[in-house]
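Structure record follows, encoded as structure tokens.
Laboratory data are not the source of any read-out in this text; all were calculated from the coordinates shown. Please read these numbers as outputs of a predicted model, since none were measured by experiment. Cβ atoms come from the backbone with ideal geometry, glycine included; neighbour counts cover every protein chain shown.
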Amino acid sequence: MIGNDYKLIFYGGLMLILGVLIGVAFMVLLERKILGYIQIRKGPNKLGALGILQSFSDAIKLFSKEQSFLLSSNYMPYIFSPIISFTLSLMIWLLIPYYFNLISFNLGLLFFFCCTSMGVYTVMVAGWSSNSNYALLGGLRSVAQTISYEVSLALIMMSSIIMVMDFNLIMFKYYQNLIWFIMIMFPLSIMWMSSSLAETNRTPFDFAEGESELVSGFNVEYSGGSFALIFLAEYSSILFMSMMFVLMYMGGYNMSLFFYLKLSLISFIFIWIRGTLPRYRYDKLMYLSWKSYLPVSLNFLMFYLGVKVLLL
């Protein structure tokens, strides 16, 4: 019986990963379409109906391209860092609080922080092992940014954890039956959204890939399949952070189409911000994290601690 249970967990996880990868493919297509319309052009429209096969064509092209191996690179870390980055970004999806598949993380939020913290090392190793000054500089900037905003994310999330008093993501649904947390935590939800943008290296915080000054950042030496894995890991993280926003502030997980519509809306906001805002200045990014978000989130933490004590 236990063997069958493990089989079910394995097949469920496999279906989840396939679903995430297909979701990432269509999110990339959505992004290219939306950016096209923002810039008054069409976007992909040749492959399949309305360009619907464009992402799959790009994936086949990237994975079938010749892989370049740099003579002076540190070969093993150079090859394995994109693979580990991709694996981590898929592992984190096991947190999605399904009512089935026999996985229930009682310490799910701690697992979330463990995986996002490990993601920093893959970026750092990718930048260092390429043995290129541009890649190293991009990696350093990215690591500094990601570590700074992990602190911000943790402190913002602490307020939600205090309201729920549980690390299990499924509990967020039960506490948001009557009112969504976005209503009572609106400033924190906006801070979480902008911290998510910085954590996933998205515009206006895309300093890791600041093309105008860094020639694509830490992934400058990657091509073909390795670049595709870095790309997939980034977009998988964007989808996951959108899901975390919906779970924590917009009603939690329920088995309905409405949950996925909310997730799509937050993902659309990520793209909309990219098409609208210019890149931020690097020193201002650091000031925002340490001089604005840190004190504000600590104050809100004290406030919600008081609210919870009064409610108890």
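At a glance:
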{"item": "Relative contact order (%) - criterion: Cα under 8 Å, at least six apart; region: the chain", "result": "24 percent"}
{"item": "Relative contact order of the range 20-91, defined on C-alpha pairs under 8 angstrom at six or more residues apart (%)", "result": "21 percent"}
{"item": "Residues in the range 254-288 reached by a label modelled at Ile40 [backbone nitrogen below 18 Å; 7 Å Cα→Cβ]", "result": "275-277"}
{"item": "Alpha carbon centroid spacing (whole Å) that separates the range 224-239 from the range 1-53", "result": "12 Å"}
{"item": "Most mobile listed residue (Tyr260, Tyr78, Tyr222) in the chain, GNM with C-alpha springs under 10 Å", "result": "Tyr260"}
{"item": "Simple spin-label estimate for Met302 and Leu178 in nanometres, 7 Å along Cα-Cβ", "result": "2.8 nm"}
{"item": "Separation of the Ile269 and Val309 label points, Cα + 7 Å toward Cβ, nm", "result": "3.1 nm"}
{"item": "Overall form of the range 13-117 per C-alpha gyration tensor (a/c, 1.5; a/b vs b/c)", "result": "oblate"}
{"item": "Helix axis angle, 186-199 relative to the chain longest principal axis, alpha carbon, degrees", "result": "20 degrees"}
{"item": "Ranked by how many other beta carbons lie within 10 Å on average, peptides 283-292, 156-165, 230-239, 267-276 from highest", "result": "230-239, 156-165, 267-276, 283-292"}
{"item": "Within the chain: Cβ-based charge dipole about Cα centre, in debye rounded to nearest 20 (Lys, Arg +1; Asp, Glu -1)", "result": "660 debye"}
{"item": "Prolate/oblate/rounded call for the range 85-158, Cα gyration tensor, a/c under 1.5 rounded", "result": "oblate"}
{"item": "Residue of Leu178, Leu265, Leu301 that the Gaussian network model of the chain assigns the largest fluctuation, springs spanning Cα pairs under 10 Å", "result": "Leu178"}
{"item": "Potential extension, Val151-Glu66 segment - 0.36 nm per residue separation minus Cα distance", "result": "26.7 nm"}
{"item": "Within a Gaussian network of the chain (alpha carbon springs, distance under 10 Å), most fluctuating of Pro82, Pro278, Pro97", "result": "Pro278"}
{"item": "Vicinal HN-Hα couplings computed from phi for the range 73-88 (Karplus, 6.51 cos²θ - 1.76 cosθ + 1.60; Hz; Gly/Pro x)", "result": "7, 8, 4, 5, x, 4, 6, 7, 4, x, 5, 5, 4, 5, 4, 4"}
{"item": "Relative packing of 83-96, 116-129, 39-52, which averages over residues the other C-beta atoms within 10 Å, highest first", "result": "116-129, 83-96, 39-52"}
